[in-house]
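Below is one structure, written out as structure tokens; comments come after it.
The values are calculated or read from the model by the stated rules, or taken from the named source; none is laboratory data. Note that the structure is a prediction, hence the values are computed from the model and not measured. Cβ: placed from backbone, ideal geometry, glycine included. Neighbour counts: every protein chain shown. Surface accessibility is based on the protein's heavy atoms, side chains included, excluding ligands, DNA and RNA. Shrake-Rupley method; radii C 1.70, N 1.55, O 1.52, S 1.80 Å.
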Amino acid sequence: MDSRLTVRCGRLLLLLVLLTVLTAAGGCTSALATAVWLVKGPDIPAECGELRDKRVVVVCRPLTSSLYTNPNVAKDISQGVSRLLVENVRRIKVIDQRRVAEWMDTNTWDDYTEVGEALEADIVLGIDLEGFGIHQGQTLYQGKADFAVKVYDCETGEMIFEKLPPQMVYPPNHSIATSDMQEADFRREFVGVLSDQIARHFYPHDPRAYWAMDAAALR
């Protein structure tokens, strides 16, 4: 039997068993929702599905002067988001970040659509990085970032999606001693987590993953 058919049959059987139990117990809406969640899985849909079948350029730009002292962070975020989009969005074509960096190093620009038009993209995914830090005092790491995500249609110049999330904090509920980890390693890990939080707006994902980060960050 095909493995996908086996999985579907197993889920259907599980749903039937759960519904039988709920019916016998009188049932309730929340319990039924839980049963459906168990069968269908935890993923929620993408908030923006406009990137599928499109040629996309990802651009992250620092908006405060303090961030220009560490320009690699913006480039690393662009690279991380690009990689995740390629892995998770069907039939997407993401422009190589080496081409993006080369163009941005030799040109001045104001609007994201200028970058998209120059690189012959259909869509620009722009990331305004308004703040980025990794220290909580002198002896602790806790990453914090403020950012906005904007998506533009290069043909019309219209902004088709915008997200202004609350401040990103990693790990969410504790800090990591600087004696336990090299600064470069923590910065790389935080950039990876931040890239994931940005990219997941564009493909189905598990909404609980962020809250599992505390446990993942514990060494």
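Of note:
- Close amide-amide hydrogen proximity is noted between GLN136 and TYR141, GLN142, each under 5 Å apart and 5 or more residues distant or on a separate chain (H modeled in the peptide plane; Pro and chain starts excluded).
- Sites MET181 and GLU117 - FRET efficiency at Förster radius 41 Å, r taken between beta-carbons, to 0.05: 0.45
- Counting only protein heavy atoms and a 1.4 Å probe, region 103-219 has 50 square angstrom of accessible area per residue.
- Mean Cβ neighbour count within 10 Å, used as a protection proxy, ranking 130-137, 194-201, 116-123, 102-109 highest first: 194-201, 116-123, 130-137, 102-109
- Computed from the C-beta positions of ASN107 and ARG83 and an R0 of 30 Å, the FRET efficiency is 0.80 to the nearest 0.05.
- Ratio Rg/Rh, restricted to region 103-166 and using Cα atoms, in which Rh is the Kirkwood radius: 1.14
- With the biggest extent put first, the Cα atoms of region 81-219 measure 48, 34, 23 Å across the principal axes.
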